[in-house]
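Take a look at the structure set out below.
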Amino acid sequence: MATNCLFCKINSGEIPGKFIYEDEDLIAFADINPQAPHHYLLVPRRHIPTTLDLTADDAALIGRIYLAAGKIARQLGFAEAGFRVVNNCNEAAGQTVWHIHFHLLAGRNLTWPPG
Ligand code: AMP
Ligand code: ZN
């Protein structure tokens, strides 16, 4: 656990989160500032700052993020309509929390390209 990391604190329970999914390696909780009717963050429990810090050993972990996204989409009923999984890496992409996370967005027509 990284001290002063928001998502490590949500993982440990020190800061509350509205959890919708958890397993041994991952948590998913509601984004505090939702950009769509469904907006969740899929987060590895282990502190990894950005996509650039991943190693080959993390390949299965990132694969499980996508499996969890599909599972949540089916469970919450927006799989058929469609959803988006987004990871922002570093400032220009809009990353503001330095613990890797994947946004899961659904519940409205999402435009492309993103802003
Ligand atoms: P990013 O800008 O890609 O790093 O995404 C960080 C996300 O974390 C933003 O969408 C924020 O709304 C969200 N966020 C910040 N603080 C909290 C919190 N305490 N609980 C849930 N989501 C949060
Ligand atoms: Zn962290």
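Please treat every number below as a calculation from the coordinates, not as lab data. Given the structure is predicted, the values throughout are model-derived calculations rather than measurements.
Over all distinct Cα pairs, what is the inverse of the mean 1/r for region 51-115, reported as the Kirkwood hydrodynamic radius in Å?
Details: mean 1/r = 0.0752 Å⁻¹.
Roughly 13.3 Å, rounded to one decimal.
For Asp25 and Ala60, the difference between the fully extended length at 0.36 nm per residue and the C-alpha to C-alpha distance is 11.5 nm. For the chain, the normalised intensity computed at q = 0.10, 0.12, 0.17 Å⁻¹ comes to -0.28, -0.41, -0.84 (log10 of I(q)/I(0), Debye sum over alpha carbons, equal scatterers, no solvent). The relative contact order of the chain comes to 30 percent, based on Cα pairs under 8 Å that sit 6 or more residues apart. Relative to the longest principal axis of the Cα atoms of the chain, the long axis of helix 59-76 makes an angle of roughly 40 degrees.
Distance from the Cα centre of region 1-69 to that of region 87-106, in angstrom? Result: 11 Å between the Cα centres.
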